[in-house]
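Let me begin by presenting the structure, written as structure tokens, before commenting on it.
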């Protein structure tokens, strides 16, 4: 088994380290030689990859760039990478690496590969007008080709996405697998003491995108503050430059100054923050896989409020460990928040049920076992 080369292709090293590293570590322990291709990260992430024994290959890939010359350069770089590394197995993660990587792997005859599709993305959920229709046609064709190899296995994070891709003939049902999210370490994300005397904390944590429901969260917080509901409403996360749905720092700073919400920006200490949080919200209209923040929050014993959407429904059981609300409905979100803030004991019970659900279905260990099983079946 020694020396088998496993090449990951990802669109960002920080996300690989936060979401995929446990699987890569387990693969290395089982005999794989681990390589990663992604856009050049900062020096600290490069050093961490080296510490983990991962060989890094810089890849000229932009997350949302559409320059024809640059995109052709990305395809050519992938083809050259396969020839140079000679991987026994490739694992593409996130939408653009899946599309570009799968297409080039088929054209180059690169051998077996796994494609993790972490949700439908904005093209299938929020892209509108003629541009949206054209993009959907093109992306459907690209998925059909990228996932069409008989030596490809596609991993979806929820059954709704698997069924959608199969119904649209973008993947054959026998190729599709479901692995619920990227998992969480319940020893790292765990409940902390919650002081009943303090003002309850409500957190929205995500990239600061309109279709994630940021504006609805701010509007709901404003309504509750105006009604005299005592709570701390916190936005956690940064804008996503280049994403057409991204809010800018000026808008976020303005909301912070107005006082209905606090914007804390990006924070690396999420286990500690969530352990002291009562409710976590994600009223998203985006095409999620299974939102990691909801898994982390449930592991920390937070009650959840999320949009009634694919992916969110996998972790949130309405009325059990949280509440589901319609997307883009600030009024419904405000009512759900008010209901839980008025009943701390119900929040506590929901948080306990959420942690039990994570341990039962959403641990890193389960994700690792299921993903390595896909690797071994393809490499048998």
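Each reported figure results from applying straightforward, stated rules to the coordinates on display, with no laboratory input. A quick note: this is a predicted structure, and the numbers were derived from the prediction, not measured. Every residue, glycine among them, receives a Cβ derived from its backbone with ideal geometry; neighbour counts consider all protein chains shown.
General remarks:
- Once the Cα atoms are used to define both axes, helix 214-226 deviates from the longest principal axis of the chain by about 10 degrees.
- This ranking places 325, 368 by how few other beta-carbon atoms lie within 10 Å of each, fewest first, which gives 368, 325.
- For the chain, the relative contact order works out to 15 percent when only alpha carbon pairs closer than 8 Å and six or more residues apart are counted.
- Relative contact order for region 26-122, counting Cα pairs under 8 Å that sit 6 or more residues apart, in percent: 20
- The chain: angle of helix 95-108 to the longest principal axis, Cα-based, in degrees nearest 10: 10
- Beta-bridge orientation, region 201-361: approximately 5 percent antiparallel, per DSSP, counting only bridges with both partners inside.
- The chain - Debye-derived log10 I(q)/I(0), Cα point model, q = 0.09, 0.13 Å⁻¹: -0.52, -1.08
- Cα gyration tensor, region 282-380 - rounded (a/c under 1.5), prolate or oblate: oblate
- Comparing Cα centroids, region 7-45 and region 313-372 end up 29 angstrom apart.
- Annotation: extensible slack from residue 188 through residue 50 equals 47.4 nm (criterion: 0.36 nm per residue apart, minus Cα-Cα distance).
- Degrees, to the nearest 10: 68-85 long Cα axis against longest axis of the chain: 60
- Computed across region 154-245, the Kirkwood radius stands at 17.1 Å (inverse of mean 1/r, all Cα pairs).
- Likely footprinting exposure, 347, 281, 134, fewest C-beta neighbours within 10 Å first: 134, 347, 281
- Residue exposure sequence - 46, 312 - by fewest surrounding Cβ within 10 Å: 46, 312
- Using the rule -39500 (n - 2.57) for each DSSP H run of four or more residues, divided by the residues of the chain, the 222 nm mean residue ellipticity is -14000 deg cm²/dmol.
- In this label model, residue 144 and residue 25 are separated by 4.2 nm, measuring between points 7 Å along each Cα→Cβ vector.
- Å³ per residue enclosed by the Cα convex hull of region 22-152: 123
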